[in-house]
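Note sheet for the following structure.
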Amino acid sequence: MAVRRQQYLIDQLHLVARGSTFQDSREPPLRVGDWVRLNSGGPACLVVDFNGDEFAVSWRDRKGAGYDALFPRLCLGRLCLSSI
């Protein structure tokens with residue numbers, strides 16, 4: 001089965017549901033160096049910077065090309081080191 005991949009610009013995404021009900025208030029805030037993944041899936045990403053509720057993440061594809069993107073906190077889920 002071939003995997004179809006497509007890149008989207010942040011302004012092409014549309015809110016379909018509020019994520020605040022999915023956040024656990026006991027979870028510590030994200031920091032630079034934390035590993036995250038988009039709630040919709042995708043590669044493991046490293047938090048490299050943040051400004052308020054917007055996080056800059058970085059990741060590499062299988063060929064080693066690097067990518068960076070900005071996402072709101074509600075789009076990101078923290079990863080355990082054992083799941084990377």
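Bear in mind these aren't lab numbers, they're just calculated from the coordinates by the rules spelled out. Since we're looking at a predicted model, the values are computed, not measured. Neighbour counts are summed over all protein chains in view; Cβ atoms, including those assigned to glycine, are modelled from backbone coordinates with ideal geometry.
Annotations
- Residues within segment 69-80 that are exposed (fewer than 12 other Cβ atoms within 10 Å of the Cβ) and either in contact with a strand residue (DSSP E or B) (Cβ under 7 Å, 6 or more places away or on another chain) or polar (S, T, N, Q) (or both), tallied: 0
- The strands (runs of 3 or more DSSP E) found entirely in segment 45-84 that carry 3 or more residues being in contact with a helix residue (DSSP H, G or I) (Cβ under 9 Å, 6 or more places away or on another chain) are 66-72.
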